[in-house]
1. With unit charges on the beta carbons (Lys and Arg positive, Asp and Glu negative) and the dipole taken about the Cα centre of the stretch 69-211, which residue among A171, V193, F123 sits farthest to the positive side?
2. Please list 3J(HN,Hα) in residue order for the stretch 204-220, calculated via the Karplus relation 6.51 cos²θ - 1.76 cosθ + 1.60 where θ = phi - 60°; whole Hz, with x for glycine and proline.
3. Would you calculate the separation in nanometres between label points at L103 and V75, each defined as 7 Å from the Cα along the Cα-to-beta-carbon direction?
4. For the stretch 1-116, rounded, prolate or oblate, judged on the Cα gyration tensor with a ≥ b ≥ c (square roots of eigenvalues), a/c < 1.5 rounded, else prolate if a/b > b/c?
5. About the Cα centre of the stretch 1-87, what is the dipole size in debye to 20, counting +1 per Lys and Arg Cβ and -1 per Asp and Glu Cβ, all else neutral?
6. Heavy atoms only, 1.4 Å probe, whole protein assembly: order R48, R295 by accessible area, highest first.
7. Explain nothing, just compute: Karplus ³J(HN,Hα) = 6.51 cos²θ - 1.76 cosθ + 1.60, θ = phi - 60°, for every residue of the stretch 328-344 in order, whole Hz, x for Gly and Pro.
8. Please list 3J(HN,Hα) in residue order for the stretch 105-115, calculated via the Karplus relation 6.51 cos²θ - 1.76 cosθ + 1.60 where θ = phi - 60°; whole Hz, with x for glycine and proline.
Amino acid sequence: MWMIYTIGFIVSLGLALGLTPFVKKFAVKVGAVDVPNARKVHTRIMPRLGGLAIFLSFVITFFLVLPFLPESFSVREVNFVKAFLVGGTMTILLGAFDDRFDLPAKFKFLVQIATACVVVFGFDIRLEFANIPFHTYASVESWIAIPFTILWIVGVTNAINLIDGLDGLAAGVSAIAIGTITVMAFLMGNVVVALLCLLLLGSIIGFLYFNFHPAKIFMGDSGALFLGFSLALLSLLGFKQVAIVSFLTPLILIGVPLSDTLFAIVRRWMQKKPIFSPDKGHLHHCLRELGFSHRQTVLIIYGIAAFFGVLAVIQSSAAMYNANWVTFVVICVMVFFLQIGAEVIGLIGKTKRPLLDFFARLRMKAGAEESSK
């Protein structure tokens, strides 16, 4: 298997390097291009549809290594792979058409729900067991598991779109999250998820060669939706032999887009703006306003994503051994740094800094007491 892992990763990376220039030409030919506007950072028309290169590299490599895989996989693992391929194909087609024709949001949402239903009902993939912090593993009833799984797939499928604002940002953050899942899959002995992750990781890294600043092609909705869908399935079902999920681990894995979304909702609510109204207050916008360059901003967010990845590995490993105190520490550390970071960067607002103000008052009080002695 180690030979298959290594060769699969190299082949998928090489295919992405070879296919992306052809996809770029195809995108320009069919008119799948991104036109600049007031909210976008780029200033010239850019080809999108880059997700097609990632998808093709992944799928071609998978079928190349398929004959060399052992035949000892369980029925559930086979169903997982089928669900991943069918759902991924439906998602990439939706994204590709959206890259070309700018489909209505309601239509995209309905197709995403349909895709999630195919995964859940067609291949019987759903949350079965949950390891809730400070609780043992418990089975989940169907009336909870089915809607939760559908909601999770649709939600995470759209999450990557929220941070797709700078060259290489969404693809890099996705690669870090998938790399984290790869580590956990190896730790838990899940060879199917590890293989899928490595093939996908190679495809993303190969594409990043053309997508990192200055980008030659965008991955578009085809890439953002496909990578979001991939993260949804791999993070939800990739642990404990596909059946058991640690309640917090998937949330930590998508910590960057998830926290950016939550802070955007709070920010718009406090500013009395519609929750879904677009603005330039997202993480990458705020970092650019602080004076960081395009490349520096992307690398900083990569670092944040890697931080979440480390927390996810720690939390998931602790859950395997029922070390619930570690989960508690991880939650506290994550919430603390999220709040401090949001206040420093200005994600909520330029004047809303309760924790920083609290620490400033403590310093002033300590200074006053010191001077009075």
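The values are calculated or read from the model by the stated rules, or taken from the named source; none is laboratory data. As the structure is a computational prediction, the values presented were derived from the model and not from experiment. For neighbour counting, all protein chains shown are included, and Cβ atoms are generated from backbone atoms with ideal geometry for every residue, glycine included. Side chains are part of the model used for accessible areas, which takes the heavy atoms of the whole protein and leaves out ligands, DNA and RNA. Shrake-Rupley method; radii C 1.70, N 1.55, O 1.52, S 1.80 Å.
1. Going by the charge dipole, the pick is F123.
2. 3J(HN,Hα) across the stretch 204-220, in whole Hz: 5, 5, x, 5, 4, 4, 9, 9, 6, 4, x, 5, 9, 7, 9, 7, x.
3. 3.3
4. In terms of gyration-tensor shape, oblate.
5. That gives a dipole near 580 debye.
6. R295, R48
7. Going residue by residue, I get 4, 5, 4, 4, 4, 4, 5, 5, 4, 5, 4, 5, 4, x, 5, 6, 5 Hz, with x marking Gly and Pro.
8. Each residue of the stretch 105-115 in turn: 4, 5, 5, 4, 5, 5, 5, 5, 5, 4, 4 Hz.
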